[in-house]
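Okay, structure first, notes after.
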Amino acid sequence: MVILDFVHYTQCFSFFELHWRIRRAFRYEAKNNKLPLLYIATNSYLCLMKHFVTIVFCVLLFNVSAQSLKEFHVTERSSDGTSVVQANARYPDNAMILVYSAMSNLSFRSSVGGINQQQYNARANRYEILVSPQRQILFVSAFDYIEQRIALINPAPKNVYYYEVEPRSGQDEVAVYFDVTPGNAKLFIENIPHPINTTTRVPKGEVSLRIEREGFRTIEQLVVISEEQVKYDFVMQEVDVVPLSIVSNVSEAAVVIDGKDRGQTDSFKRRNMFLFPGIYNIEVRKNGYISQIQTVEIFENKENVVDFELLKNTGTVEFVLIPANTGIKINREVVCGERIIELAPGTYRVDLEAEGHQSETFTLTIDRGETQVIHKQLNQQMGSIQATVSPSVAQVILVNNDGQEVERWKGIKLLNEVPVGEYTLEMSAPGFQSKRERIVVEEGERTVVDITLSESQSEVVTSFASPNRMKQSIDVTHVFQASVVASSIQNVSPNLVPFFGLRYTAFSLQDVADSPFGFFIEFNTTSNLFNSADYHIDQNGTIQGLSNQHELTFSSAESNTNLRSSMLGFGYSFLITEMMYLSLGAGFITTEVQYDGFISDEVGVISNDVTISKAPKLGDEWNTYYSAGVQFELGGDLYLGVNAVFATDEYVGTAFQLLLGVAL
């Protein structure tokens, strides 16, 4: 038999379920005449009453809970004379906030996350809070209390600030009405938000009131709350935007104001904009730097400039590596050509690699602001060479890829600890054909070479004078070079006088693997007219057949001094390095100087249009000169020479010679 008892009805969780149960029970029992209809109605009534009482109880409980939240009473206090010593190695530049309170369950937060440490000193009944030295709002909260703002602070490093927080009694509150225009403004009493244009409960006595809205002038004043006045009227005045300049020490830094992106600093490291007067949280951030947040108040009649100095969130690593072409990978990513690298603080894997060298891997840990210099020299990969060249008198030269001679020997040689890479063996012997052989040395491997030179069948000789070239020739290489000699002319001209000529060099290519050499012959000549000064002539001199027992003076006309000179020399050149020859020479020089003018003594002009030769005729007298310099083989059969010339001639002194020519 189905019986609906009271327990079933008390388990109903909704009026829909209750309604469904009653209808089903009514139909079943009415059909079977088991129970009277009055019993069903009675149980339904009791179930409805139970739900009604439950709903009323929940509403009352919610209202009581909402009205039971308490408020703080926050005041700023002066120092009590107690000595406060900050000894915190981790935050040495933080400011200290001391909040006195008998409540041990308070917690604090900063509008910019500037709290680095907070603790309760039960002995002194105070909270000791370390905050970063930046503009911020400090809040206090506790269980069963409304969070409240303590103060807007801009603490200086290592300063101490004092506050007191106590619970506010609910018996001192008055229900008041704040009529504020515009209607969407925000009202704060003792830094606690309150509704406007409706009734709200406010503590009795003098309280700080602040009304703010963007585009309107903020209202801040002290108001006395009492039962005598329960309505307050406020009308806010509209204000216009004001300019704001955000100055940073970096460009392209993002600017965020109250959580909204407001662009980036420009190339001048500034971001200019317009804002309504008020209080804003401004953040400036950039990758690789530590973000900075400031709580800033923007004023109407004041220049608003906010400075941000971002500190780099990186360290610097400088690599000094051998060999110089060592490649660097950081966390397996290639660093192209950089040797001074900035990295964010952390730990990195570093791989160093270079061709022909053993790679090296190590771990690098870098801190912010740290600079590390890392010196690393990679070990070369080594192999060996076992060389046998016949005949036994054959000369063998081992040359590396850079054209540098590594080793030289005759016949047979075992070389250990040879750096890996490609090499060239150059082999020659009298009566045998010279030969070049390319070999490769691999790490940990021995390269075996066994070569027999072929007997020579002709007079053709292969030259290895330079490892970077091969040339076949018959006995002699002919080099013709144009010559320019720049010389100073004593007693005639203060300027350099050019000599032009030709040098011919015959290089012998026999036994050039040891030291190629050559002989040269050269000829240079010049003929120039100069402006001349007056010249003094000895009284015993004979000029154009004139004799005079008096002292004579020769005066020349303008631009009528003629200098003619010729140089004939020869010398020897021999190889001193791979592509450079030393040249030593000597020769003879003859010079003739003629002046056109007139002769006078102390009385007057003796003769006009007189030609005076200050030296013997050209070729009558020869003096010596010496030269020394270098010849460079430029490639493509071009030769360049530079020489210094020293002459014993009366007129031609020290000179410099430049040669440029080609081998034919």
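The values are calculated or read from the model by the stated rules, or taken from the named source; none is laboratory data. As the structure is a computational prediction, the values presented were derived from the model and not from experiment. We place every Cβ from the backbone using ideal geometry, glycine too, and count neighbours over all the protein chains shown. Surface accessibility is based on the protein's heavy atoms, side chains included, excluding ligands, DNA and RNA. Shrake-Rupley method; radii C 1.70, N 1.55, O 1.52, S 1.80 Å.
Order the peptides 399-411, 226-238, 275-287 from the highest to the lowest mean number of other Cβ atoms within 10 Å of their residues. List each step's numbers first, then the result.
Numbers: 399-411: 13.8, 226-238: 11.2, 275-287: 18.5.
Averaged packing, sorted descending, gives the order 275-287, 399-411, 226-238.
Report, in listed order, any pair from Lys231/Lys260; Lys158/Lys204; Lys158/Lys186; Lys186/Lys269; Lys186/Lys231 with a Cα-Cα distance greater than 28 Å.
The pairs that break the limit, which is 28 Å between Cα atoms, are Lys231/Lys260; Lys158/Lys204; Lys158/Lys186; Lys186/Lys269.
Could you tell me the calculated FRET efficiency between Asp258 and Phe362, based on Cβ-Cβ distance and R0 = 51 angstrom, to the nearest 0.05?
Working: r = 46 Å, r/R0 = 0.91.
Efficiency, rounded to the nearest 0.05: 0.65.
Alpha carbon centre of region 330-351 versus region 246-319: separation in Å?
29
Can you send over the carbon and sulfur percentage of the accessible area for region 304-366, probe radius 1.4 Å, protein chains only? Don't skip to the end; give the middle numbers.
Details: 1640 of 3500 Å².
Carbon plus sulfur share of accessible area: 47 percent.
Which whole-number value in Å² is the accessible area per residue of region 276-421, probe 1.4 Å? Write out the running numbers ahead of the final one.
Details: 8170 Å² over 146 residues.
Result: 56 Å² per residue.
Length gain on complete extension for the stretch Gln119 to Met103, per 0.36 nm per residue less the alpha carbon to alpha carbon distance? Before the final figure, lay out each step's value.
Working: separation 16, 0.36 × 16 = 5.76 nm, distance 1.27 nm.
The Gln119-Met103 span can extend by a further 4.5 nm.
Tell me, what ³J(HN,Hα) does each residue in region 300-316 have, in order and in whole Hz, if you take phi through Karplus 6.51 cos²θ - 1.76 cosθ + 1.60 with θ = phi - 60° and put x for Gly and Pro?
6, 9, 7, 6, 9, 10, 10, 9, 10, 10, 8, 8, 5, 9, 9, x, 10
Keeping all protein chains in place, calculate the accessible area per residue for region 147-203 (probe 1.4 angstrom), answer in Å².
Values: 2610 Å² over 57 residues.
Per residue, region 147-203 has an accessible area of 46 Å².
What share of Cα pairs, in percent, lie more than 21 angstrom apart in region 241-323? Don't skip to the answer; put the middle values down first.
Numbers: 1130 of 3403 pairs.
Value for region 241-323 (Cα pairs over 21 Å): 33 percent.
Subtracting the Cα-Cα distance from 0.36 nm times the residue separation, let me have the gained length for Val642 to Val630 in nm, one decimal. Write down the numbers at each step before the final one.
Values: separation 12, 0.36 × 12 = 4.32 nm, distance 0.57 nm.
Length gained, Val642 through Val630: 3.8 nm.
For region 171-291, which whole-number percentage of the solvent-accessible area (1.4 Å probe, protein heavy atoms only) is attributable to carbon and sulfur atoms?
Details: 3040 of 6610 Å².
For region 171-291, the apolar C and S fraction of the accessible surface comes to 46 percent.
Does region 112-187 come out rounded, prolate or oblate, given a ≥ b ≥ c as the square roots of the eigenvalues of its C-alpha gyration tensor, rounded meaning a/c under 1.5 and, failing that, prolate meaning a/b above b/c? Write out the running numbers ahead of the final one.
Numbers: a/c = 2.86, a/b = 1.49, b/c = 1.92.
Because a/c hits 1.5 or more and a/b fails to exceed b/c, region 112-187 counts as oblate.
Set the Förster radius R0 to 45 Å, insert the Cβ-Cβ distance between Val484 and Asp402 as r into 1/(1 + (r/R0)^6), and round the FRET efficiency to 0.05.
Working: r = 34 Å, r/R0 = 0.76.
Efficiency, from the Cβ-Cβ distance: 0.85.
Starting from the 7 Å offset along Cα-to-Cβ, what nm value, one decimal, do you get for the label separation of Ser454 and Val160?
10.1
May I have the extent of the alpha carbons of region 363-462 along their three principal axes, as whole Å values ordered from largest to smallest?
Projected onto its principal axes, the Cα set of region 363-462 covers 75, 25, 16 Å.
More than 13 Å apart: what percent of Cα pairs in region 212-275 qualify?
Details: 1477 of 2016 pairs.
Summing the P(r) of region 212-275 above 13 Å gives 73 percent of all pairs.
Net charge around Ala253, counting only other residues with Cβ within less than 13 Å of its Cβ (Lys, Arg = +1; Asp, Glu = -1)? If you can, show how the numbers build up before the last one.
Values: positive: Arg262, Lys269, Arg270, Arg271, Arg285, Lys286, Lys312; negative: Glu252, Asp261, Asp266, Glu283, Asp307, Glu309.
Within the 13 Å Cβ shell, the charges total +1.
Under a Cβ-Cβ cut-off of 11 Å, what is the net charge of the residues other than Leu152 that fall near it, where Lys and Arg count +1 and Asp and Glu count -1? Don't skip to the end; give the middle numbers.
Details: positive: Arg135, Arg149, Arg210; negative: Glu297.
Within the 11 Å Cβ shell, the charges total +2.
Decide, for region 104-240, between rounded, prolate and oblate: order the square roots of the alpha carbon gyration tensor eigenvalues as a ≥ b ≥ c, take rounded if a/c falls under 1.5, and otherwise choose prolate if a/b is larger than b/c, else oblate.
Details: a/c = 2.67, a/b = 1.51, b/c = 1.77.
It is oblate, given that a/c is not under 1.5 and a/b is not larger than b/c.
If the chain between Lys231 and Leu414 were fully stretched, how many nm would it gain, using 0.36 nm times the residue separation less the Cα-Cα distance?
Numbers: separation 183, 0.36 × 183 = 65.88 nm, distance 11.00 nm.
Stretched out fully, the Lys231 to Leu414 stretch lengthens by 54.9 nm.
Rounded to the nearest 0.05, what FRET efficiency do Phe274 and Tyr177 have when you use their Cβ-Cβ distance and R0 = 35 Å?
On the way: r = 36 Å, r/R0 = 1.02.
It comes out at approximately 0.45.
Work through the residues other than Thr198 whose Cβ is under 13 Å from its Cβ and net out their charges, Lys, Arg +1 and Asp, Glu -1.
Details: positive: Arg201, Lys231; negative: Asp179.
Taking every other residue near Thr198 into account, the sum is +1.
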